Amino acid sequence: MTSRSSDRRSFLKTMGSASAFSMMPAAALAHGFEGRPIAHEVALPAAQDLAAPKYTINFAVAGMSHDHIYGMVGAIERGGGKLVAIQSDEPAKLAMFSKRYPSVKVVKTEDEILNDKSIQLVLSSKIASERAPLGVRAMRAGKDFLSDKPGATTLEQLAEIRKTIAATGRIYAILCSERLEVKAAVKAGELVKAGAIGKVIQTINIAPHQIIQHSGDAGGGVPRPDWFWNPDQYGGILCDIGSHQVDQFLYYTGSTEAEVVESQIANVAHPEHPRFQDFGDMVLRGNKGCGYVRLDWFTPDGLGTWGDGRLFILGTQGYIELRKYTNVAVSHTGNNLFLVDAKEARYMDCNSLTLPFGPQFVADVVNRTHIAQDQTQCLLAAELVIRAQKQAKLIHLQA
């Protein structure tokens, strides 16, 4: 009885403390236990970020196997690009795309796009293993190329990309949208470069994904295609969705050299697709910082979106956390940035900011620059994820 009474008193004491905390006024909760302020702010764009695009180009889409193509097109259109032609070997995808862009010319073959001298840029989200060969052909035809991630699935493809860039001077870009098309990630880059958290020591990326999405450009609830389950075609989990995360590791740490320390993959819950990988992680070491990445296909329906992507950037004088797509059990709004330094803890709502990639990339095509994406860094990220995939240890978790 003594033990039960003690447990009950402890339980009531805990609940009483929780109740008292829940009744504290907002003004009190806005200060930490030591009275330190918590700043809530809305990040606003600078005047120049609201200016109309300076340039315009003609661009085309060749292949649209992944629905990332809609975001890719949107970015280039925001930058002043004009979509003039589309092509796909997948009738259902082409029909859906044409419904969104009914006035755009449909062509039957990739060669029609590559041979059209009025087209300056080619976009593609065709099956991942087929993107690099198309990009090489596009560059040899005198065009720049923007690939969905991953931009290559083998080291041989990557070597051919580098060789062709050197021979042609064309741009081979990879749209890692989790940095380039997320407003909070853009703001984090600005803060890091301004020295807001000192020298960056490490990035940690948590990147869960959902296999059957209930919303999106495809309309939601669409089953994954056969190639989605085949690592020879999608590249494997580390190469595929890991492209986003390794791009961030290099960008935020500023590393120009890096290696994969260790990596592992697993198929935990999809025995009907024995070669599929639904879990993976990797440890990275760069010349200017370290990184850890965790990837999975286990986002539960209760989250309300396709994934709870989070990024942690550790600096010598503070840290930043991004909750990119939702703020769990608080708000369904994404683009949440949290910054803690020696003075205060800050929350930034980044939804009012603009996305610079589109205008910058169109300007790069016109001016032959690499402002939107560093070409060397882009290809280093591609190399690292391929190496992580090649050397990954396949683990088997017991039931």
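Relative to the longest principal axis of the Cα atoms of the chain, the long axis of helix 375-391 lies at roughly 70 degrees. Legend: ranking of residues 72, 139, 96 from fewest to most surrounding C-beta atoms inside 10 Å; resulting order 96, 139, 72. Pairs from the table (183/288; 183/343; 117/324; 82/183) lying more than 32 angstrom apart at Cα are 117/324.
Residue 229: net charge of surrounding residues, Cβ under 14 Å, Lys/Arg +1, Asp/Glu -1, itself excluded? Show your work: numbers first, answer last.
Details: positive: 224, 275; negative: 226, 232, 240, 272, 278.
Summing Lys/Arg as +1 and Asp/Glu as -1 gives -3.
Once the Cα atoms are used to define both axes, helix 91-100 deviates from the longest principal axis of the chain by about 80 degrees. How much net charge surrounds residue 182 when only the other residues with a Cβ under 14 Å from the Cβ of residue 182 are counted, with Lys and Arg +1 and Asp and Glu -1? Charge balance near residue 182 sits at 0.
In what order do 176, 290, 239 fall by count of nearby beta-carbon atoms within 10 Å, going from fewest to most? It would help to have the intermediate numbers written out before the result.
Numbers: 176 26, 290 19, 239 30.
In order of increasing Cβ crowding within 10 Å: 290, 176, 239.
Given R₀ = 35 Å, what would the calculated FRET efficiency be for residue 393 paired with residue 82, taking r from the Cβ atoms and rounding to 0.05? Calculated value: 0.15.
Multiply the residue separation of residue 111 and residue 155 by 0.36 nm, subtract the distance between their alpha-carbon atoms, and state the gained length in nm to one decimal. Using 0.36 nm per residue and subtracting the Cα-Cα distance, I get 13.3 nm. In a DSSP loop and with at most 11 other Cβ atoms within 10 Å, the trypsin sites (Lys or Arg not before Pro) in segment 99-168 are 108, 117.
In the structure shown, the pairs 105/126; 54/199; 163/193; 193/393; 143/187 are assessed against 28 Å; a Cα-Cα span above that value is assigned to 54/199; 163/193; 193/393; 143/187. Checking the a/c ratio against 1.5 first, then a/b against b/c, what shape does the Cα gyration tensor give for segment 211-355? In terms of gyration-tensor shape, oblate. Classify segment 73-131 from the C-alpha gyration tensor, please: rounded if a/c falls under 1.5, else prolate or oblate depending on whether a/b exceeds b/c. It comes out rounded by the Cα gyration axes.
Taking 0.36 nm per residue of sequence separation and subtracting the Cα-Cα distance, how much length would be gained by fully extending the chain between residue 366 and residue 90, in nm to one decimal? Spell out each step's value before the answer.
Values: separation 276, 0.36 × 276 = 99.36 nm, distance 3.13 nm.
Contour length minus the Cα-Cα distance gives 96.2 nm.
Compute the angle between helix 68-78 and the longest alpha-carbon principal axis of the chain, please, reported from 0 to 90 degrees and rounded to the nearest 10. Tilt relative to the chain: about 80 degrees.
Which whole-number percent gives the relative contact order of the chain, counting Cα pairs below 8 Å spaced six or more residues apart?
On the way: 805 pairs, mean separation 78.0, N = 399.
This gives 20 percent for the chain.
Calculated mean residue ellipticity at 222 nm for the chain: -10000 deg cm²/dmol, from DSSP H runs with n ≥ 4 weighted as -39500 (n - 2.57), summed, divided by the residue count and rounded to 500. Within the shell defined by Cβ-Cβ distances under 14 Å, the residues around residue 57 carry a net charge of +3, with Lys and Arg each +1 and Asp and Glu each -1.
Do you know the relative contact order of segment 260-324, to the nearest whole percent, from alpha carbon pairs under 8 angstrom that are 6+ apart? The value is 20 percent. Taking every C-alpha pair closer than 8 Å and separated by at least 6 residues, the mean separation divided by the residue count of segment 248-399 gives a relative contact order of 21 percent. You can think of it this way: the chain between residue 374 and residue 328 has 13.2 nm of extra reach, that is 0.36 nm per residue less the Cα-Cα gap.
Throughout, read-outs are computed from the coordinates displayed, never taken from laboratory work. This structure is a prediction, so every number in the text was calculated from the model and none was measured. All Cβ positions, glycine included, derive from the backbone under ideal geometry; neighbour counts span all protein chains shown.
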